[in-house]
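Chemist: Starting off with a structure, shown below.
The values are calculated or read from the model by the stated rules, or taken from the named source; none is laboratory data. Keep in mind the model is a prediction, meaning the values are calculated, not measured. We place every Cβ from the backbone using ideal geometry, glycine too, and count neighbours over all the protein chains shown.
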Amino acid sequence: MDTYVVIALLAVALLLAELLLPTGGLLAILGALGLIGAGVVALESDSSSGDWIGPALITVGVLSAATAYLIGRKVLAAQTDNPVGTGRETMIGAEVDVRSTLDPEGQVWSDGALWRARLADDGAPARPGDRVVVEAVDGLTLVVRPAATAADPVEQGAS
């Protein structure tokens with residue numbers, strides 16, 4: 001068996017291992033470099049098939065490296081651009097349903113859970129079925145204000 005065949009098989013094994021292991025693209029780059037190296041060894045060999053296998057291995061190696069780079073950039077961007085929001089930061093600004101009268105304290109329904117809530121200011125009480133917006137989280141109590149409805153007048157700027 002020619003040396004370039006062994007190198008190419010090891011390179012393909014590295015590329016396949018990248019699919020199964022979380023190495024961040026390291027095995028893919030090593031596999032692509034292995035294919036390029038196998039192509040160079042094939043070109044320098046005395047084998048007649050090395051004249052056409054060498055350029056083919058180099059081409060596949062370059063394409064594998066480019067693919068690993070492009071996909072790696074997309075994966076990295078997907079992981080860093082959209083951090084998962086949980087807890088307090090996802091609740092603030094959310095619109096929730098009133099379950100028991102908020103005068104000034106009561107209960108609201110948010111994301112499948114019943115929460116204690118209190119009005120942010122001394123406004124009109126909110127009745128069951130009304131919608132309120134979460135302004136803050138104080139321990140296990142949501143601080144809420146009435147949600148704007150379509151019937152509410154729009155505030156106009158100073159003229």
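Chemist: Could you please let me know if residue 118 is under 30 Å from residue 145 (Cβ atoms), of a type in the set (D, E, K, R) and within 28 Å of the chain's Cα centre (by Cα)? Can you show your working first?
Modeler: Working: under 30 Å from residue 145 (Cβ atoms): yes; of a type in the set (D, E, K, R): yes; within 28 Å of the chain's Cα centre (by Cα): no.
No: the conditions fail for residue 118.
Chemist: Right, here's the next one. Among all residue pairs at least 6 apart or on different chains, which show Cβ distances below 6 Å where the first residue, located in region 86-105, is under 17 Å from residue 126 (Cα atoms) and the second is among the basic types (Lys, Arg)?
Modeler: 95/131; 101/127; 104/118; 105/118
Chemist: Conditions: (1) crowded, with 16+ Cβ neighbours inside 10 Å; (2) over 26 Å from residue 73 (Cβ atoms); (3) modelled with pLDDT of 95 or more. Residue 14 meets all but one. Number of the miss?
Modeler: (2)
Chemist: Give me a count of the residues in region 52-91 that are under 21 Å from the mean Cα position of the chain (by Cα) and of a type in the set (Val, Ile, Thr).
Modeler: Pass one, region 52-91, residues under 21 Å from the mean Cα position of the chain (by Cα): 67-91.
Subsequent filtering for residues that are of a type in the set (Val, Ile, Thr) retains 67, 71, 75, 80, 84, 86, 90.
The qualifying residues number 7.
Chemist: Which condition number does residue 59 fail, the rest of (1) closer than 30 Å to residue 117 by Cα; (2) of a type in the set (Val, Ile, Thr); (3) not in a loop (DSSP other than H, G, I, E, B) being met?
Modeler: (1)
Chemist: Residues in region 63-84: is at least one of a type in the set (Val, Ile, Thr), surrounded by 14 or more Cβ atoms within 10 Å (Cβ to Cβ) and not assigned by TED's automatic domain parsing to the domain that holds residue 111?
Modeler: Step one: list which residues in region 63-84 are of a type in the set (Val, Ile, Thr), which gives 67, 71, 75, 80, 84.
Imposing the further condition that a residue be surrounded by 14 or more Cβ atoms within 10 Å (Cβ to Cβ) reduces the set to none.
Checking region 63-84: not a single residue is of a type in the set (Val, Ile, Thr), surrounded by 14 or more Cβ atoms within 10 Å (Cβ to Cβ) and not assigned by TED's automatic domain parsing to the domain that holds residue 111.
Chemist: So which of 96, 5 is touching a strand residue (DSSP E or B) at 6+ places or on another chain (Cβ under 8 Å), surrounded by 12 or more Cβ atoms within 10 Å (Cβ to Cβ) and at pLDDT below 95? First the steps, then the outcome.
Modeler: On the way: 5 fails: touching a strand residue (DSSP E or B) at 6+ places or on another chain (Cβ under 8 Å).
Matching residue, one of 96, 5: 96.
Chemist: Checking the condition exposed (fewer than 12 other Cβ atoms within 10 Å of the Cβ) and aromatic (Phe, Trp, Tyr), which residue from 115, 52 passes? I'd like the intermediate steps shown before the answer.
Modeler: Values: 115 fails: exposed (fewer than 12 other Cβ atoms within 10 Å of the Cβ).
52 is the lone residue from the list that is exposed (fewer than 12 other Cβ atoms within 10 Å of the Cβ) and aromatic (Phe, Trp, Tyr).
Chemist: Further, regarding this structure: Among (1) modelled with pLDDT under 85; (2) loosely packed, with under 10 Cβ neighbours inside 10 Å, which single condition is residue 46 missing?
Modeler: (1)
Chemist: I need the full set of residues from region 6-29 which are in a helix (DSSP H, G or I) and β-branched (Val, Ile, Thr), in order please. Please lay out each step first, then the result.
Modeler: Looking only at region 6-29, we keep the residues that are in a helix (DSSP H, G or I), and these are 6-20, 26-29.
Within region 6-29, 6, 7, 12, 29 meet the criteria.
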